[in-house]
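The values are calculated or read from the model by the stated rules, or taken from the named source; none is laboratory data. This structure is a prediction, so every number in the text was calculated from the model and none was measured. Glycine also receives a Cβ, built like all others from the backbone with ideal geometry; neighbour counts cover every protein chain displayed. For the accessible areas, the whole protein counts, side chains as well, though only heavy atoms, and no ligand, DNA or RNA atoms are used. Shrake-Rupley method; radii C 1.70, N 1.55, O 1.52, S 1.80 Å.
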Amino acid sequence: MAQLKITPTQKNRLADSVYTQILSQITTGEFSAGDKLPSEAQLSHAFGVSRPVVREALLRLTTDGLVHPKRGIGTFVSTRPSNRLTELADLSQLSNYIRSFEPRIVLEVEVARLAAQRRTHSDIDRITDTLEELKRAIAAGELGLEQDSAFHTAIADASGNKYFVDILATLRFPVKGAMNIGLELARGRPPTRRMRIIEEHASILKAIAAEDGEAASGYMRYHLLQARAAVLDAQHLEKVREDTSSTDTGSEEH
């Protein structure tokens, strides 16, 4: 089992410090997917904090999909995020970025449904323009952060309820932080990944234009879940696609 490297915790943010240090070692590969973490008691002793503090940190790691507990056995690493996370984000902020997806999913799935019911022709034109701008940015090798954000804001406006726009604006910092990570990771991936981002946005737009609320909300949920997964598990997502492509190729040959 890998040895946990300990840095003394700050007294005012104990759980955050424990969370960040464990996440850092998962990200750098000192703990790999499937590895068992030290026990709660061992972590408590190693960090010099109470077991409730360790429990809170592990709960956050579990909620973020990074570890999973097995009753009576221990806590195991679920996935290893891209090691570029340490370049793209302060790991102490990563949990906030990831958690921003929960309210986004709750809000934006309904926003997409309402936009499909209430959108005007000018709304569709505006959403289409933001998507075209995103396509141009990605094609030019740019990040597309502002264009991606504008796309989601245009849909919120199309819902006809300004409070959705206001609420989403309060999440701007963590949302843009998460978007930045996801788009940066996608930029370093094969062109197929970047095209999938465009396709996800295009599917949402198409459903809204067709006044299909169920499809719009479904595509929005899928898009946000994919975006969340890309931040936490980009390598795994690429591996799954590679495996799928190999399977498809093999099927065609036979």
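For the reader, a short list of remarks on this structure follows.
- Of all the residues in the stretch 27-43, those that are assigned to a helix (DSSP H, G or I) and either small (Gly, Ala, Ser) or open to solvent by 50 Å² or more (accessible area, probe 1.4 Å) (or both) number 2.
- Condition met for Leu23 (under 18 Å from Arg99 (Cβ atoms), in a helix (DSSP H, G or I) and open to solvent by less than 10 Å² (accessible area, probe 1.4 Å)): yes
- Looking only at the stretch 183-201, and only at residues there that are open to solvent by 40 Å² or more (accessible area, probe 1.4 Å) and part of a helix (DSSP H, G or I), the one that is modelled with the highest pLDDT: Glu199
- Filtered by the rule that a residue be open to solvent by less than 30 Å² (accessible area, probe 1.4 Å) and under 11 Å from Ser217 (Cβ atoms), the stretch 108-152 gives Glu108, Val109, Val111, Ala112, Leu114, Ala115, Ala116.
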